[in-house]
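Novice: Got a structure for you, written out below as structure tokens; questions coming shortly.
The values are calculated or read from the model by the stated rules, or taken from the named source; none is laboratory data. These figures come from a predicted structure and were not determined experimentally. Here Cβ is always computed from backbone atoms with ideal geometry, including for glycine, and neighbour counts include all displayed protein chains.
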Amino acid sequence: MLLDLFKKKETKREIVINVERLETRVAVIENGRLEEFQCEHPTQERLVGSIFKGRIQNLEHDLQAAFVDIGLKKNAFLHYWDMVPDDDSRLDEDDDSDRRPRRHKLTNEEVQKRFAPGTEIVVQVTKGPISTKGPRVTASLSLPGRYLVMMPDTSLKGVSRKIGDAEERRRLKKILDRLPLPDNAGLIVRTAGQDANKRAFVRDLRSLWEQWNMLQKNIRTLKAPACVYEEPDLIERVVRDWLTEDVDRVTIDDEESFNRIREVASRISRHAKKIITHYDGEQPIFDYYGVERQLAEAFRRKVNLKSGGYLVVDETEAMIAIDVNTGRHRGKGSQEDAIVEVNLEAVDEVARQLRLRNIGGLVVVDLIDMKSRKHQNAVYKAMKHALKRDRARTNVLQISELGLMEMTRQRQESSLLSQLYTDCPYCKGHGLIKSPLALSVDIQRQIAALMRKERAEGNTSVELQIVVAPSVLERLRTADEAFLVDLQRQYSGRLTFKSELHRHPESFCIADGQTGTILYSVGENILS
């Protein structure tokens, strides 16, 4: 009954594409609400899914991993159990999956013998560089098509686990058995292959073989390190991965890209080609569809809920922490019912935020405490339901005794927040800077220490110049002026102050007033 809150009536699903010289953005809108978002910069290399001919740089037995030069600034990270392709590592090949079960593990001696430093190896990127870490790669290659994933050097055939209907799975397995495949390639049907006919699979397989033949040619001719296969750009991936039967319309604002996406879509079906339209309005396309406004709201630390509650999202190095608050929500029933309503709405919004921000790793949701196990289970099921639409793999645990919901979300690339934003030059990403009061205390402490030192060395006339940010100088001239006058009188010194407009608020320096020699500084040493 509680889950009925999240059942949609009739859903109008649209894809809106904004193409510019330096950025391509794609938004999925359902009944006017932004549900998914991706952006790509054409000038940057597409890593996840791309295949490289690399060279082993060094082996780290303690880490059970090799570092591979694939031509990037940072060497790629390759686990020992990912160095040899095997069927076990591909059992969950579907959509964007990158799971590699650790079943086929080489010993250190085998690795040293077969993959000594300098050995060439062909690997595929499963996770892009994040923060200080280089990309993660595997030797188990896969080429995703519209309906199929082709896997060279394996005999595995299967159907995505996301297709649950037993009769449909049997039909798809029969089609797989009849497809013309050589012995050295395996296939898995993607979720998009559900209800597709045999002709669509044959057409998709033909395209995959063309890609594989080109890849093999590049492996033979290119010198390591080199990229031998690059994932298609975002425009083509929209058709391959996002253009499903439930999409009502695709709108794109660039005429050249419009013609290209129609040509790609025509290989799928006439219907797919017909629903693609060109937008040429005066207003920017994301403004026209209300995407720009929703994007601005989505990336705020505080995310408001319709009920009056709100989320606070903090993205840290170790995990994503999300706090749920009731805010202004009061509810019409009991307090417990009001709490459940906010928690149900919150988990639906949390799932949406994870998709929009493309954040992953460990996620901890601090829900509002619920006493009833029945209510806890309802919220847990609501989260599982909301996560079903996520292309990334997720795993969510039951709510703990502390009211925490812990989950993991597959992370392949840096979050959208880290791609679009940079750390504040003032707070360096902390979100906080010292108050003028705290800085005034620090400055007075250092002034007193320097004056005591000068007097102990026999200097009876101490003159100091202090350079600070304007906000700090305002504090020194007003609230703390009497304390500074006392300091001058106590140590028989003379203090002069100067502000610099571009100085960091936490930065200050103290110099000898006669020679200009800097005696103490914090942050930038600016003294003019």
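Novice: If I go through the stretch 411-469 residue by residue, how many of them are of a type in the set (A, V, I, L, M), part of a loop (DSSP other than H, G, I, E, B) and surrounded by 12 or more Cβ atoms within 10 Å (Cβ to Cβ)?
Specialist: The number of residues fulfilling the criteria is 2.
Novice: Return the only residue of R220, R237 being loosely packed, with under 15 Cβ neighbours inside 10 Å and either assigned by TED's automatic domain parsing to the domain that holds L176 or without any contact (Cβ under 8 Å) to a residue 60 or more places away in the chain (or both).
Specialist: R220
Novice: For the stretch 348-379: of the residues being within 26 Å of the chain's Cα centre (by Cα) and among the polar types (S, T, N, Q), which is surrounded by the fewest Cβ atoms within 10 Å (Cβ to Cβ)?
Specialist: Going through the qualifying residues, I end up with Q353.
Novice: Right, another one. Only one of (1) within 26 Å of I51 (Cβ to Cβ); (2) out of contact with any Ser or Thr (no Cβ under 6 Å at 6 or more places or on another chain) fails for I235. Which number is that?
Specialist: (2)
Novice: Continuing with this model, one more query. Within the stretch 129-168, track down each residue that is assigned to a loop (DSSP other than H, G, I, E, B) and either under 22 Å from Q64 (Cβ atoms) or among the polar types (S, T, N, Q) (or both). Steps first, please.
Specialist: First, pick out the residues of the stretch 129-168 that are assigned to a loop (DSSP other than H, G, I, E, B): 129, 131-132, 134-135, 139-142, 145-147, 153-156, 160-165.
Listed by number, the residues that qualify are P129, S131, T132, G134, P135, A139, S140, L141, S142, T154, S155, S160.
Novice: Here's another thing I want to ask about it. For the stretch 410-456, what are the residues that are touching a Gly at 6+ places or on another chain (Cβ under 7 Å) and free of Cβ contacts under 8 Å to residues at least 60 places away in the same chain?
Specialist: D423, M451
Novice: On to the next question. Could you grab the pairs with beta carbons closer than 7 Å, sequence gap of 6+ or different chains, first residue in the stretch 470-499 and within 29 Å of G458 (Cβ to Cβ) and touching a residue at least 24 places away in the same chain (Cβ under 8 Å), second one part of a strand (DSSP E or B) and of a type in the set (F, W, Y)?
Specialist: What qualifies is L476/F497.
Novice: Looking only at the stretch 380-402, count every residue that is over 25 Å from I29 (Cα atoms) and buried (at least 16 other Cβ atoms within 10 Å of the Cβ) and tell me the total.
Specialist: 3
Novice: Report the residue count in the stretch 27-62 for those that are out of contact with any helix residue (DSSP H, G or I) (no Cβ under 9 Å at 6 or more places or on another chain) and aliphatic (A, V, I, L, M).
Specialist: Residues that pass the stated criteria total 3.
Novice: Moving on to the next point. Can you tell me how many residues within the stretch 488-510 are at pLDDT below 90 and either part of a strand (DSSP E or B) or of a type in the set (A, V, I, L, M) (or both)?
Specialist: Counting residues in the stretch 488-510 that are at pLDDT below 90 and either part of a strand (DSSP E or B) or of a type in the set (A, V, I, L, M) (or both) gives 2.
Novice: Still on this structure: Out of all the residues in the stretch 179-199, is one or more surrounded by fewer than 14 Cβ atoms within 10 Å (Cβ to Cβ), of a type in the set (D, E) and more than 35 Å from the chain's Cα centre (by Cα)?
Specialist: Within the stretch 179-199, one or more residues are surrounded by fewer than 14 Cβ atoms within 10 Å (Cβ to Cβ), of a type in the set (D, E) and more than 35 Å from the chain's Cα centre (by Cα).
Novice: Does T11 satisfy being modelled with pLDDT of 90 or more and closer than 29 Å to R357 by Cα?
Specialist: So T11 does not fit the description; no.
Novice: Condition first: modelled with pLDDT of 85 or more and either touching a Cys at 6+ places or on another chain (Cβ under 8 Å) or of a type in the set (K, R) (or both). Now tell me which residues in the stretch 76-114 satisfy that.
Specialist: Those that are modelled with pLDDT of 85 or more and either touching a Cys at 6+ places or on another chain (Cβ under 8 Å) or of a type in the set (K, R) (or both): K113, R114.
Novice: For the stretch 157-166, check the following and say yes or no: at least one residue is among the charged types (D, E, K, R), in contact with a Leu (Cβ under 8 Å, 6 or more places away or on another chain) and within 15 Å of M83 (Cβ to Cβ). Outline the logic, then answer.
Specialist: Initially, the stretch 157-166 is screened for residues among the charged types (D, E, K, R), giving 157, 161-162, 165.
Filter once more, keeping what is in contact with a Leu (Cβ under 8 Å, 6 or more places away or on another chain): 157.
If we keep only those that are within 15 Å of M83 (Cβ to Cβ) as well, we get none.
No: zero hits.
Novice: Taking the stretch 489-512 on its own, how many of its residues are under 14 Å from M451 (Cβ atoms), crowded, with 17+ Cβ neighbours inside 10 Å and of a type outside the set (F, W, Y)?
Specialist: 4
Novice: While we're here: For the stretch 217-225, indicate whether the set of residues that are closer than 18 Å to V19 by Cβ, basic (K, R) and in a helix (DSSP H, G or I) is non-empty. Explain how you work it out, then say what you get.
Specialist: To start, the set of residues in the stretch 217-225 that are closer than 18 Å to V19 by Cβ comprises none.
No, there is no match, as no residue in the stretch 217-225 is closer than 18 Å to V19 by Cβ, basic (K, R) and in a helix (DSSP H, G or I).
Novice: Something else about it: Do we find a residue being more than 30 Å from L476 (Cα to Cα) and within 35 Å of the chain's Cα centre (by Cα) anywhere in the stretch 421-439?
Specialist: Looking through the stretch 421-439, at least one residue is more than 30 Å from L476 (Cα to Cα) and within 35 Å of the chain's Cα centre (by Cα).
Novice: Here is a follow-up. Does the stretch 115-132 contain at least one residue that is surrounded by fewer than 17 Cβ atoms within 10 Å (Cβ to Cβ), modelled with pLDDT of 90 or more, in the same structural domain as D82 (by TED's automatic domain parsing) and of a type in the set (A, V, I, L, M, F, W, C)?
Specialist: The answer is yes; a qualifying residue exists.
Novice: Please list, ordered by first then second residue, the pairs with beta carbon atoms under 8 Å, 6 or more apart or interchain, first in the stretch 279-297 and closer than 15 Å to N31 by Cα, second part of a loop (DSSP other than H, G, I, E, B) and of a type in the set (F, W, Y).
Specialist: From the stretch 279-297, the pairs are Y288/Y279.
Novice: For the stretch 347-360, check the following and say yes or no: at least one residue is at pLDDT below 90 and farther than 20 Å from C39 by Cβ.
Specialist: No, the stretch 347-360 has no match at all.
Novice: Related question: Would you be able to say whether some residue in the stretch 332-347 is closer than 22 Å to G431 by Cα, surrounded by 19 or more Cβ atoms within 10 Å (Cβ to Cβ) and among the hydrophobic types (A, V, I, L, M, F, W, C)?
Specialist: Within the stretch 332-347, the subset closer than 22 Å to G431 by Cα is none.
So far as the stretch 332-347 goes, no, none of its residues is closer than 22 Å to G431 by Cα, surrounded by 19 or more Cβ atoms within 10 Å (Cβ to Cβ) and among the hydrophobic types (A, V, I, L, M, F, W, C).
Novice: Further, regarding this structure: Return yes when V228 is under 14 Å from V26 (Cβ atoms) and under 26 Å from the mean Cα position of the chain (by Cα) and no when it is not.
Specialist: Here the answer is no, as V228 does not meet what is asked.
Novice: Find all pairs meeting these conditions: Cβ atoms under 7 angstrom apart; at least six residues apart or on different chains; first residue within the stretch 24-52 and in contact (Cβ under 8 Å) with a residue 60 or more places away in the chain; second residue β-branched (V, I, T) and part of a loop (DSSP other than H, G, I, E, B).
Specialist: F52/I70
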